[in-house]
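The values are calculated or read from the model by the stated rules, or taken from the named source; none is laboratory data. Keep in mind that this is a model prediction, so the values were computed, not measured. Reconstructed Cβ throughout: ideal geometry from the backbone, glycine too, with neighbour counts over all protein chains shown.
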Amino acid sequence: MAEIRTIVVDFKELVEALIKQQNIHEGIWQLYVEFGISAANIQSGENQVSPAAIVPIGKIGLTKVNAEGPIAIDASKVNPK
């Protein structure tokens with residue numbers, strides 16, 4: 001049986017990994033997350049139904065920004081040429 005593992009990274013680590021994976025060497029890049037939204041009626045008790053919002057993550061990526069910040073990294077520092 002395969003070992004079950006969970007690997008967790010913070011947002012800056014994710015941005016750095018994406019910068020390296022995309023072979024980006026310049027610019028300041030920030031985490032980009034695109035959400036969708038749907039609605040459904042869900043069972044919330046034995047004989048009760050409640051409206052609910054469903055917020056799926058549609059896309060995760062990078063977007064170029066002008067300044068470093070909590071989730072924005074300078075690619076030239078983490079992935080120099």
Could you tell me whether region 8-25 includes any residue that is among the charged types (D, E, K, R) and either farther than 29 Å from residue 67 by Cα or more than 21 Å from the chain's Cα centre (by Cα) (or both)?
no
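Matching residues to (1) touching a strand residue (DSSP E or B) at 6+ places or on another chain (Cβ under 6 Å); (2) in contact (Cβ under 8 Å) with a residue 12 or more places away in the chain; (3) assigned to a strand (DSSP E or B):
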{"site": "31", "(1), (2), (3)": "no, yes, yes"}
{"site": "34", "(1), (2), (3)": "yes, yes, yes"}
{"site": "42", "(1), (2), (3)": "yes, no, yes"}
{"site": "49", "(1), (2), (3)": "yes, no, yes"}
{"site": "52", "(1), (2), (3)": "yes, yes, yes"}
{"site": "59", "(1), (2), (3)": "yes, yes, yes"}
{"site": "63", "(1), (2), (3)": "yes, yes, yes"}
{"site": "67", "(1), (2), (3)": "no, yes, no"}
{"site": "76", "(1), (2), (3)": "no, yes, no"}
Suppose the filter is at negative phi, free of Cβ contacts under 8 Å to residues at least 12 places away in the same chain and not in a strand (DSSP E or B); does residue 26 pass it?
no
Any idea which residue in region 1-35 is modelled with the lowest pLDDT, counting only those that are of a type in the set (Asp, Glu) and surrounded by fewer than 14 Cβ atoms within 10 Å (Cβ to Cβ)?
3
